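> Mind looking over this structure? Questions follow.
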Amino acid sequence: MQAQINEDKQRAQREIRKEVYIRYQRAATAYADRPEFRRCADVSPERLAELPECRAMAGSGDEKYLALISAQDQVFTHGSQEALDVALKFDQLVVPMRRYLELEVLAYAECSGATGKGLTGVPGMGPECAMLRRQADEARLKATLVNAETVAKESLGEFRMVMCRELNSIPRESCKR
């Protein structure tokens, strides 16, 4: 009786993990495959803040980013350590890029004299503009040290391997790295 209960419990946990992994993989793929992911990483700083799709990626309302974070939280709660490690590797690609986009949009707004929270409203290369410009440039270096497309593909491939190994009861040759 106890063996059957344990078996049912393991089966239920495996099903939850499967759903969580599929959700994460879909969210990460949707984030990495969108055209603005590559376009905004390659555009010059002068043009970045002018492009609506790049400003949207930097904003807090980026639905694909929010879906990715939500799915990553589920991996943290229900996934294995290996799955979480791979998800965090992908996150190390996404976070610097988002930080760069946020700083670039903020620097552009400050330097052009826009008003708003945290902005002086004074156009030109004042001390605040120079500081934000410097921070954005440093963030761009961190964000572009890696080839975003390559790291995204590798990370998603590693996650597929984790899914294959953990969700199949019989090890398969195709699940090896």
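The values are calculated or read from the model by the stated rules, or taken from the named source; none is laboratory data. Small disclaimer: the values here were computed from a predicted structure and weren't measured. Methodologically, a virtual Cβ is constructed for each residue, glycine included, from the backbone with ideal geometry; neighbour enumeration extends over all protein chains shown.
> Restricting the search to region 18-28, which residues are surrounded by 15 or more Cβ atoms within 10 Å (Cβ to Cβ) and either modelled with pLDDT under 85 or out of contact with any Asp or Glu (no Cβ under 8 Å at 6 or more places or on another chain) (or both)?
V20, R23, Y24, Q25, A27, A28
> Also, I was wondering about something else. So which residues in region 103-122 are closer than 15 Å to R134 by Cα and of a type in the set (A, V, I, L, M), if there are any at all?
Hits for region 103-122 are L103, V105, L106, A107, A109.
> Kindly indicate whether any position in region 73-89 is closer than 30 Å to R133 by Cα, at pLDDT 85 or above and of a type outside the set (F, W, Y).
yes
> Considering only residues that are at pLDDT 85 or above and loosely packed, with under 14 Cβ neighbours inside 10 Å, which ones fall in region 131-154?
Across region 131-154, the qualifying residues are M131, R134, E138.
> Within region 59-94, can you find the residues that are surrounded by fewer than 14 Cβ atoms within 10 Å (Cβ to Cβ) and more than 21 Å from K18 (Cα to Cα)?
Residues satisfying the conditions are G59, S60, G61, E63, Q92.
> Between R55, R34, which is out of contact with any Pro (no Cβ under 7 Å at 6 or more places or on another chain) and at pLDDT 75 or above?
R34
> Same structure, new question: Taking the conditions exactly as written (within 20 Å of R39 (Cβ to Cβ) and either aliphatic (A, V, I, L, M) or not in a helix (DSSP H, G or I) (or both)), does V151 satisfy them or not?
yes
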